[in-house]
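Where a number appears in this text, it was derived from the coordinates with a stated rule and is not lab data. For clarity, every value in this text was computed on a predicted model and none was experimentally measured. Every residue, glycine among them, receives a Cβ derived from its backbone with ideal geometry; neighbour counts consider all protein chains shown.
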Amino acid sequence: MAKMARAHLEAGRLVELVPDAVVDVPLYWQVNRLAADRLADLTRKIVETAGRQLTQTASTTSTPPARSMSSPPSQEVTPRRRRKG
């Protein structure tokens, strides 16, 4: 159960459609190439944190968004699976 949703689930304002289900989705961090130099520190921090907190996938069925040759590559991460218990 996500921390942000816990109180709402417990109060009945939200309902899990499939209890304890895990949905892995590719996530991408994209930065406009015109702002990439100004956002380089933020981009690095996001990629580092995602690397620690999210599970990296070796392959994916989705295709990352197209990018120009001058833009930095997208970083793909997938949320960690929750442990039951």
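Structural remarks
- Number of residues in the stretch 23-48 that are surrounded by 10 or more Cβ atoms within 10 Å (Cβ to Cβ) and β-branched (Val, Ile, Thr) equals 4.
- Per-region count, the stretch 15-43, residues closer than 15 Å to ALA5 by Cα and of a type in the set (Val, Ile, Thr): 3
- Unique match (being outside any helix (DSSP H, G or I), hydrophobic (A, V, I, L, M, F, W, C) and out of contact with any Asp or Glu (no Cβ under 8 Å at 6 or more places or on another chain)) among VAL31, VAL47: VAL31
- The stretch 1-21: number of residues that are exposed (fewer than 10 other Cβ atoms within 10 Å of the Cβ) and either part of a loop (DSSP other than H, G, I, E, B) or not basic (Lys, Arg) (or both): 10
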